[in-house]
Structures are given as C-alpha cells and as structure tokens.
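The values are calculated or read from the model by the stated rules, or taken from the named source; none is laboratory data. Because the structure is predicted, anything quoted here is derived from the model rather than measured. Backbone-built Cβ (ideal geometry, glycine too); neighbour counts: all protein chains shown. Surface accessibility is based on the protein's heavy atoms, side chains included, excluding ligands, DNA and RNA. Shrake-Rupley method; radii C 1.70, N 1.55, O 1.52, S 1.80 Å.
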2 protein chains.
Amino acid sequence: MKSAILSVGTELLFGQITNTNSVYLSQQLNLLGIDVMYHYTVGDNPERLAEMIHQAFTDCDLIITTGGLGPTQDDLTKEIAAEVLHDELVLHEPTLREIESFFKKVNREMTENNKKQAYIPSRAVMFHNDAGTAPGFALEENGKTIICLPGPPREMTRLFDLQVKPFLEKKSQSVIYYKQLRTFGIGESALETELQEYIDGQTDPTLATYAKEGEACLRIASKRRTLEEAKAAVEEMIEKVNKKVGQFVYSYDDENLYEVVGKKLMEHKISISSAESCTGGLFAQTLTEVPGISAVFDRGFITYSNQAKIEELGVKPETLEKFGAVSEETAVEMAEGLKKVTKSRLCISVTGIAGPDGGTEEKPVGLVYICAILDEVKVSREFRIRNTSRKWNRNYTLLCMLNIVNKLLDENLSS
Amino acid sequence: MKSAILSVGTELLFGQITNTNSVYLSQQLNLLGIDVMYHYTVGDNPERLAEMIHQAFTDCDLIITTGGLGPTQDDLTKEIAAEVLHDELVLHEPTLREIESFFKKVNREMTENNKKQAYIPSRAVMFHNDAGTAPGFALEENGKTIICLPGPPREMTRLFDLQVKPFLEKKSQSVIYYKQLRTFGIGESALETELQEYIDGQTDPTLATYAKEGEACLRIASKRRTLEEAKAAVEEMIEKVNKKVGQFVYSYDDENLYEVVGKKLMEHKISISSAESCTGGLFAQTLTEVPGISAVFDRGFITYSNQAKIEELGVKPETLEKFGAVSEETAVEMAEGLKKVTKSRLCISVTGIAGPDGGTEEKPVGLVYICAILDEVKVSREFRIRNTSRKWNRNYTLLCMLNIVNKLLDENLSS
C-alpha cells in the first residue's frame, strides 16, 4: 500500500511548530509495511487542501491527515475530506454529548463553535478521542482511504496507537514483526560496525540502527506470511546480535531506561531515594513517571545550594571547601547522607556542572560525579560529558545515573 | 511572492529524521515577507521530484529545496532542478578545488563520486558552502526561481543566513512583523470567541490562534512596506487584544512559562524552593532548565512518601490522617514547613493524584492542591485536572504551579 501524510495548519507554514506528527506516522506506517511516498503540508485553505488530497490520491491509496479538526472556522479538513470522497457531514450525537460533558468537567463554558467538532462524515469509521474534543475518522471510497486525525501530537499518537493501527493492520496482507533494542554505552557507528555482517547481508530480517538522545537503537524487522514465521526470524537474529553487543542492550522492547529501572525496583521492592544537584530533580521526575513507583520511591532532594547539601544531607562544609561541590567526595557524602536520612535501600546522588557557564579548565562544563549505594554496595563514578547544551548535559547525566542503577540491580539481585 | 519548501530524502519518509529545515526556512521566509504555501517531502526519486517541482511552480514563484546534493548516486536534486528550468550541469572548477582541499584538511580520501558535487547548472548563482562539500545555488527562468540547499541543518542554515537571505531580500517588496502571544487559563476556542471581531475582520494585521500543550497561543502578523509600519500595526492590535484577554497572556515573545518565571525570579533576586509530591520533581527540574537559576533556586524536596512529608517538611501526622496526603491542609503545611526549613522568599508545594491508579470517587485522579507563599502572602488552590494520562496530569500541574508563581510575582512586585 502507498500512502501520503498530509499535515494541515498555517502554524506549520509559519514555522511555529515542528512537524513531529509526520515523523511519528512515517515510522509507524513503515513498520506496518505501508510505503510513505510523500509528506505534504498546507495551510488552513480549503482549495489548496482539496487539491492536495486529489493529487495524493493519484499515486496513493491511503492519505493520513493531521490537524484542521479544531472548533474554529479555519479548521476545514473534515469538510474537504468528505467533499472529495463524496460524503456529507452529519451530527454525531454521542460525540456532541462527550464534548458537552468535557466542558462540564473542566468547568469551562462550551462555545457554539465547539459543536462543529461533533459533525462527522456519514460513512466514516469513527476513532474516539478520549484525550481531546476532536474525534478522528476513516473514510473510504473505491479503494481510496483517508484517515483524519487531530493535530495535537498527544491526541494523534494515542488515537493512532489504539485505533488506527488495528484498522490498518486488517488491510495488510503480510505481517511485520519487529523488535526495537535499546542500548546504552555504545555509539551508533560502533554498533553498526559490530553488526556489519548482518546489516550488509540483510534481506529479511532487516537490521537498522538509529540514534535517540544519547543512545543507539537497533530495529530488527521481518515481513512474512504469518506472525509466527516473522517472530521466529527476529528471535533468531536477536540471538546473533546478543553475542556481539548483548552487554549494551538494556531493552528488547523499546522501553526507556527509566521504565526498565522503575520496573526492576518495583518487582524487587527496593526502596529508592535520590539527591540531585546539577540535574535539578530530573532523575526523580523521570523515575516517578513510572506508574505505581510510589510503592518504592521514598523521597528526593534537590540540593542546589551548598547550604542545602549541608543541611539536608549532612555534607561536611570542609568537604565542600576542600574538594568543591562538584567532586567525587561531595557526591559520596551526598549519597551516604541520603542513606542516613532516608534508610532507602538504594540511594543515588549526583553533582556536576550543567553549564552553559560555571566551568573552569580543571572542572569543565559536563563534569559529573555520581554515587550510588545499594545496601552495602557502593559505586562512585566520574563522567566527562561532551558539552553540547545545558539540556543535553542534564539528559545525558540522567542516562548515566539510570545506567548505574540498572547495572547495580542486575549485578546484585538474583532474579 | 509565494513559495514552497521541498525537502528531499528517503530518511524523512522513513521517519528517521525530523524535518527541522522546513521549520527554519518557513520562519525565515515569512520574516522576509515571502508567503510559504506548501511543504513537500519526497524521497530520492527523480520522477516524483520533477513532478513536485513542476507542481509547486504552478502556484509559486519560488521553491527552496533541501537535501539531495550529496555525492551518492541517489542525490539528484541538482540534475532535476536543471532539467526543469532547461539548464545543464557544468564542472565548476573553483568548487572542485575546494572539495579537494576539504578532503585534504580532514585527512580523508576523496572518492570519485565527490567530484559530482562540483557540477553546477551553467546559469546558477552559486552559494558557497564553507561548512561542507555541497554548494548551494539559485537558478531562475521566466520569473520562477529554484534555490537548492544542502540537507544538513548546520550547513543549510549557515548558507541561508549569509547568502540566500541577502539574495531574497533584493527580490522582496514588503516586510512581515509578528508577535506570538502565549496564554494560560483560557482554551483556544474561548480565545477565538473573545477575539472574534478582530479575527473576522482580519486583513492586516492578521490574528491566528493555535494550541500548544495545555495552552492557547495567538499570532498577530502584519505585512507592510516597511518594518516600522508593520510593527506599529501589530503593537496597536496587541493593545486591543490586551483589553479582551490580557489577563491570560504571560508572554508576547513566544517564551515558555518556566522561562518567564525563571527570569522574573532572577531579575528580582527572589530565592525559591519547592516541595513536590505528585509531580516528582518536575517543577524543580523544569525551572532549573533556565541557565543561571542557581542564583535563586535554593533546594527542592520530593516528598513522595508520607514519612518524607513528616520528616522533611514537618507535616503533622494528624493532618495526613484526618485530611489525607492529597488535601489543601497538607499542601499548606508542606509549603509552610518548606518555608521554615529553607527560608526561601518563595516556597511552593504540590500534592495530588497523578494516576493512572490511586483515585477514588471523592478524590479522583487529577485532583491537585498547590500552595505558594511569597514573603507574607499565601495562596492555596485546588485543581481538578481532566485525567488523560499520568504524564499529562503532571505536565498540566506544572503549568498550574508556574502560573501561580507568575501571578504571585506580578501582583506583589513592583517592577
């Protein structure tokens, strides 16, 4: 199947928004075995939108649109989609009631234009939007399908994952099965070099490396007649890959490192607390994104000032004076103090220079010390992160912290 | 002048790369008063590329392409551009010498296919690329202009800023000036309704609303002969807008709320500390993304467990027992305890139910209490956030916290 992705919104043509929807949809469609031939972006202009849809349908069987389903006058995707595929909009009562109850719930007045969102093409297959007021839908005619999804990425991805994907899977003749491996501690080109022989000879399964913030990832995909065949081919390749780079792989299911760590902590009921300086709470915030983590996460300290390190964690003023706030000694005292205060089984501390200022020749931006204690086992490490930006330095520090915790758990727990 | 941006590269259609070039070029072209009508993305396919160029030229006078200027066989933008505008490629000796010296400099061997990059359409205006090996160029015929730029963003933006911009400025007759207003506490449709009379009658300046995560934004743009005229027209409209919805506007320069708050704290040297439960450090982490914030951010507590709330902040066990951890009383005691411990001028606390589990009928997921104290002024508020996901609930709670701090600062500081 050939497809086009059509993004609607003047804000995209003004460059106010980065088109992440096209990225997401491209990835997902390719994984479903659907070729993406074009991305188009148009503004909120009915003639040009209609023209684009007509044109995309000359080559493609499937168009996915995002945006232009809002309540305002210039939101016209629905109207145009219906027009092109010879349908008309009708009031969808359940959607209207949902929109009404949404406004009641958030205690905001429903304006007249919100009603517009409850009108849907009469032949449409609805995709219910429980994260917003604009439902999505699919409309078909003579083998051509248009799927219209809301623009906000949070709503769009949710709709796609839960409803559009199953809808599209039914249309496809072959089955794709894939695994996405996540690694930490090896760069993308090194990963590729290690796996060159499998990548070069790839017909099926295919191997593709790609980079995520600070990580190299690997997708192993197989397209076969049945799910069982595809699965077996992928599993076999994973075994080969593991022999080469297994020590760097922390997930075979595209999980984030914080999810992997959070799950292990919960599974083994290991209480955890954190003491952060340069990351400003990023570790605690990220780990507590995991649902149910309150069962093991006790507390976190963000001891930004020296005074806070002394008062909350019992870091010695002499240590700060002699070695500085950014030093292994301080990191260790932070973790030890944290252990004393919280009695959590796992305690982790971090101190470093996030930048953009504050670095010296001896202690440059990107210098980070991490100390972790699990019961009686203590690990402390120095990192010199290649300084790219404050945000990157903090994010990479987070990955280092999570990686240390993950390894500590693996090495010290028998599962 | 009407323009289209054409991105070339199969990696875009696979979703391996986010198209930031289109964002950058859109911003820049709009600022030059050049309307961007379309974004197109095609793979490395000569027929489809030629078709797209033809098609874009039916509406547009200007096409800017990015990508497909590399040394490999599938890089064909240059060839197709020359073909469509009836020109042919010729060897450009100075470029060849530059490519040779580039390879010498980075100590890499120059392969035969790199020579391909030195071929340029014979009538082209060259844009010299000092950051890579692919030069850019402009090619014109009968009032139609195509500008081909390399794909790597670092090279593309550099070429654009230094050479393409002056080239285009000479062509343009008008200037666009715009402001992007960010609001909190009003939905997009309510914002539009409030401003309906200005939006309906829009010729110049134009008003457009758009949504960002949890916020409604407004763009006010004017296209005039001179920058002064455009600026005056936008400023005048801002005054009118302010009379209607000024209380919701927190930035006139498209800044994030946390940046606005961070800057105000630093400007007025207000020390701040935070005590978070449901957000798990998100407030501290976000605020400390602002460079230089360590001058005012003292410390943060993530008191996830009841024990932590009692030990670190002095919340009374009776309060927790009687009203629960998620209650106004607990939020207030958290903030008051924080104030006692840290002596920061501004102390903010939050407690709530982030979900997905843990809600009851009386206290549903999304229920949040925030208390903030600035010197002697104390504010405490209840929020009932529409539960979408744990992540969203936490993000929206963050915005509520920042908004409270922002208002507190505005109302209690004379600037």
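Here are some notes:
- In degrees, nearest ten, helix B:257-267 long axis to first principal axis of chain B (Cα): 70 degrees
- If only the Cβ of Lys and Arg carry +1 and only the Cβ of Asp and Glu carry -1, the dipole of region B:43-182 around its Cα centre is close to 760 debye.
- Distances, shortest first, from the label point of B:Arg225 to those at the same position in the other copies read 7.5 nm; the point lies 7 Å along Cα to C-beta.
- Once each of the GluC sites (Glu not before Pro) sitting in a DSSP loop with at most 13 other beta-carbon atoms within 10 Å is removed, chain A keeps A:214-360 as its longest stretch.
- Label spacing, shortest first and in nm, from A:Gly246 to its equivalents in the remaining copies (7 angstrom along Cα→Cβ): 6.9
- Position A:Glu93, label points 7 Å along Cα→Cβ, spacing to each other copy in nm (shortest first, one decimal): 8.2
- Once you reduce region B:120-181 and region A:46-113 to the center of their Cα atoms, the two points are 36 Å from each other.
- Pairwise label distance in nanometres, A:Phe167 with B:Arg123, each label 7 Å out on the Cα-Cβ vector: 4.7 nm
- DSSP beta bridge pairing in the protein assembly as shown, given as percent antiparallel to the nearest 5: 65 percent
- Within the full protein context, the accessible area of A:Asp74 is estimated at about 60 Å² for a probe radius of 1.4 Å.
- Debye, to nearest 20: dipole size of chain A, +1 on Lys, Arg Cβ, -1 on Asp, Glu Cβ: 840 debye
- The Cβ shell under 12 Å around A:Gly15 holds other residues with a net charge of -1, Lys and Arg each +1, Asp and Glu each -1.
- Distance in nm between pseudo-label sites at A:Leu413 and B:Ser101 (7 Å out along the Cβ direction from Cα): 6.0 nm
- Neighbourhood net charge (14 Å Cβ-Cβ; Lys/Arg +1, Asp/Glu -1) for B:Lys223: +2
- If you plug the beta carbon distance of B:Asn242 and B:Glu362 into 1/(1 + (r/R0)^6) with R0 = 30 Å, you get a FRET efficiency near 0.15.
- Ranking B:Met37, B:Ile80, B:Leu149 by how far each Cα lies toward the positive end of the dipole of region B:2-169 (charges on Cβ) leaves B:Leu149 at the top.
- Angle between chain A longest axis and helix A:328-342 axis [Cα atoms, degrees, rounded to 10]: 80 degrees
- Fraction of antiparallel bridges per DSSP, region B:2-169 only, in percent to nearest 5: 40 percent
- Given 10 as the ceiling on other Cβ atoms within 10 Å, longest exposed-site-free region of chain B for trypsin sites (Lys or Arg not before Pro) in DSSP loops: B:270-415
- Here the gap between B:Thr72 and B:Gln16, fully extended at 0.36 nm per residue and compared with their Cα-Cα distance, gives a gain of 18.3 nm.
- The separation of region B:269-328 from region A:196-229, counted between C-alpha centres, amounts to 44 Å.
- Judged by the ratio a/c of the largest to the smallest principal axis of the C-alpha gyration tensor, region B:1-127 counts as prolate, that ratio being 1.5 or greater while a/b is larger than b/c.
- Charged-residue dipole, Cβ positions (Lys, Arg, Asp, Glu), the protein assembly as shown about Cα centre, Debye nearest 20: 1580 debye
- Hydrodynamic radius by Kirkwood, which averages 1/r over all alpha carbon pairs of the protein assembly as shown, in angstrom: 29.2 Å
- For chain A, the longest principal axis of the C-alpha atoms and the axis of helix A:390-412 are separated by about 70°.
- Electrostatic tally near A:Gly355: other residues with Cβ closer than 12 Å to its Cβ, Lys and Arg +1, Asp and Glu -1, net +3.
- Average beta carbon contacts from partner chains per residue of B:186-196, 10 Å cutoff: 5
- Debye log10 I(q)/I(0) at q = 0.10, 0.18, 0.20, 0.23 Å⁻¹ for region A:152-253, Cα point scatterers: -0.33, -0.91, -1.02, -1.15
- Computed over chain A: relative contact order in percent, which uses C-alpha pairs under 8 Å that are six or more apart: 10 percent
- Between A and B, accessible area buried - total, square angstrom, nearest 100, 1.4 angstrom probe: 6100 Å²
- When both bridge partners sit in chain B, DSSP labels roughly 60% of those beta bridges antiparallel.
- Dipole of the protein assembly as shown [Lys/Arg +1, Asp/Glu -1 at C-beta], most positive-end residue of A:Ala335, B:Ala124, A:Pro205: A:Ala335
- Note on chain B: percent of Cα-Cα distances in each 10 Å bin, starting at 0 and stopping at the bin with the largest distance, equals 4, 18, 20, 18, 17, 14, 7, 2, 0.
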